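Read through the structure below, which is laid out as structure tokens, and then see the notes.
The values are calculated or read from the model by the stated rules, or taken from the named source; none is laboratory data. Remember, it's a predicted structure, so these values are computed and weren't measured experimentally. So basically every Cβ, Gly included, is an ideal-geometry build from the backbone, and we count neighbours across all protein chains shown.
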Amino acid sequence: MHGIRAEQPLVLTVSRLAIEKNIDFLLEVAAKVEREFDDFVFVIAGEGPDATRLGKLAASLGLDERVRFLGNLDRNLPWIKTNAVYALTRNPLYFGSSLLAAGFAVMSANETAAALLILPFGVIYPTVMLREEAHLSRLFPDEYRLYKSKVPRFFPRPTLRFPRSFSFSQYLSNREYNTALGFAGALAVFCIKSWLA
């Protein structure tokens with residue numbers, strides 16, 4: 001399908017093709033990966049205002065044979081898997097963000113600040129999750145129904161078995177340390193606030 005062999009290593013992103021999604025970065029990474037691996041394909045599913053520019057960028061990076069732009073998904077694709085953190089909760093980003101907000105709310109020791117931190121999560125996230133689920137149900141009716149029956153929407157199902165997929169080099173490559181630095185900075189502010197109080 002789409003010139004991709006079943007056994008071929010594949011990287012998939014499903015996204016609106018817009019500047020804020022930073023697909024440029026993914027294409028630059030794909031260009032670097034191509035130097036290390038001679039048989040992989042990078043699939044970009046989605047449409048948006050940045051599609052033409054991204055196609056030109058892929059060509060200028062010499063990725064004509066490596067990148068497939070699929071456009072909007074209107075059928076089931078065999079590559080979309082439910083593994084890693086998505087096997088624990090259907091919304092890991094929202095769950096993690098909510099935990100961080102709840103933690104900062106508790107650390108603030110201020111009811112007003114806590115309400116301002118937590119209230120938007122309780123109002124906005126459920127609406128967004130339901131809208132995204134409806135969209136995925138339209139795109140992948142059978143697969144998403146099965147996925148929903150196995151994986152909880154928000155609170156992860158407790159388990160002691162986790163896939164060993166952490167890679168420190170990938171952590172650095174993805175610049176995840178920026179999040180850790182932001183968290184450390186916020187924690188420092190709370191510590192200084194507590195010390196001065």
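Based on this model, can you work out whether Arg164 counts as at pLDDT 75 or above and over 30 Å from Ser194 (Cβ atoms)?
Against the criterion (at pLDDT 75 or above and over 30 Å from Ser194 (Cβ atoms)), Arg164 does not qualify.
Considering each of Val29, Val85 in turn, give the residue that is at pLDDT 85 or above, assigned to a helix (DSSP H, G or I), out of contact with any Lys or Arg (no Cβ under 8 Å at 6 or more places or on another chain) and aliphatic (A, V, I, L, M).
Val29
Look at Arg145 and say whether it is part of a helix (DSSP H, G or I) and of a type in the set (D, E, K, R).
Answer is yes for this residue.
Please specify each residue of segment 103-132 satisfying the condition of being under 21 Å from the mean Cα position of the chain (by Cα) and exposed (fewer than 15 other Cβ atoms within 10 Å of the Cβ).
Answer for segment 103-132, where residues must be under 21 Å from the mean Cα position of the chain (by Cα) and exposed (fewer than 15 other Cβ atoms within 10 Å of the Cβ): Pro120, Gly122, Ile124, Pro126, Thr127, Val128, Leu130, Arg131, Glu132.
Pick from segment 43-80 the residues that are within 21 Å of Arg138 (Cα to Cα) and among the acidic types (Asp, Glu): which of them is modelled with the highest pLDDT?
Going through the qualifying residues, I end up with Glu47.
Might you let me know whether segment 142-158 holds any residue that is at pLDDT below 85, over 21 Å from the mean Cα position of the chain (by Cα) and within 27 Å of Leu17 (Cβ to Cβ)?
yes
Can you tell me how many residues within segment 88-133 are over 29 Å from Cys191 (Cβ atoms) and part of a loop (DSSP other than H, G, I, E, B)?
4
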